[in-house]
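Every read-out reported here was derived from the displayed coordinates using simple, explicitly stated rules and does not represent laboratory data. Computed from a predicted model, the values in this text were never measured in an experiment. Reconstructed Cβ throughout: ideal geometry from the backbone, glycine too, with neighbour counts over all protein chains shown.
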Amino acid sequence: MEIRNCKKCNRLFQYVTGRVICPACKEEEEKVFKKIKEYLYEHPKATLVQVSQETGASIPTIKHYIREGRLIITPESPIGIECERCGTMIKTGRFCEKCAYEIERDMKKATNGLIKNSTKYTNSNLKKSKMHYLNKNKIER
Ligand SMILES: [Zn+2]
Ligand SMILES: [Zn+2]
C-alpha cells in the first residue's frame, strides 16, 4: 500500500490499485455516471453536448464510458465515438467492425510469422477463431 496524490483533487489518499483517484472522487464519478445513464435512458435521442450539459460530465468522460462499454448507446441515438483507426462512427469499443477484422487478420499474420515451428497448432487455432468470427456475425445480423 502506498500514499499518493489524487489525480483529480490532489488530496493524499491510500492508493490500492487501478487509477490514481481518491475514494471521494471515485464516488463522485459514480454519481455522475449514474446521472448520464439515467439521462440517456430518459432521453435516448439526446446529443453528446446535451448529455454533457445536463449531467455536468465532460464529453471525453462520456465518450470514455461508451468506449469501455459501460454506457450502452441505443441505435437511434445520435451519439457515437470514433473508431481509433479510421474515425468511423461506432457505438462501443475501440474500432469499427471493418478495422477490428483487419486488425485481427494482421495480428494473425504476425502470429503466424512468429510461431513458424508450431505450424500445426497455429493452423487449428486459426480455423477455430475464424469460425467463431463467422458465427458471431450471423447472430448479430
Ligand atoms: Zn480526489
Ligand atoms: Zn475503423
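Which far-off residues, 5 or more places away or on another chain, put their amide H under 5 Å from the one on residue 15, with H placed in the peptide plane?
So residue 15 has HN proximity to 2, 3, 4.
Tell me whether region 1-105 comes out rounded, prolate or oblate; compute the Cα gyration tensor, take square roots of the eigenvalues as a ≥ b ≥ c, and use a/c under 1.5 as the rounded threshold.
oblate
Students often get this wrong, so check it: of 35/98; 8/35; 34/91; 26/98; 7/34, which have C-alpha atoms separated by over 25 Å?
Violating the 25 Å Cα-Cα cut-off are 35/98; 26/98.
Once you list every other residue whose beta carbon is under 12 Å from the beta carbon of residue 83, what net charge do they have if Lys and Arg are +1 and Asp and Glu are -1?
Neighbour charge sum, excluding residue 83 itself: +1.
Roughly how many nanometres apart are two label points built 7 Å out from the Cα toward the Cβ at residue 112 and residue 20?
4.3 nm
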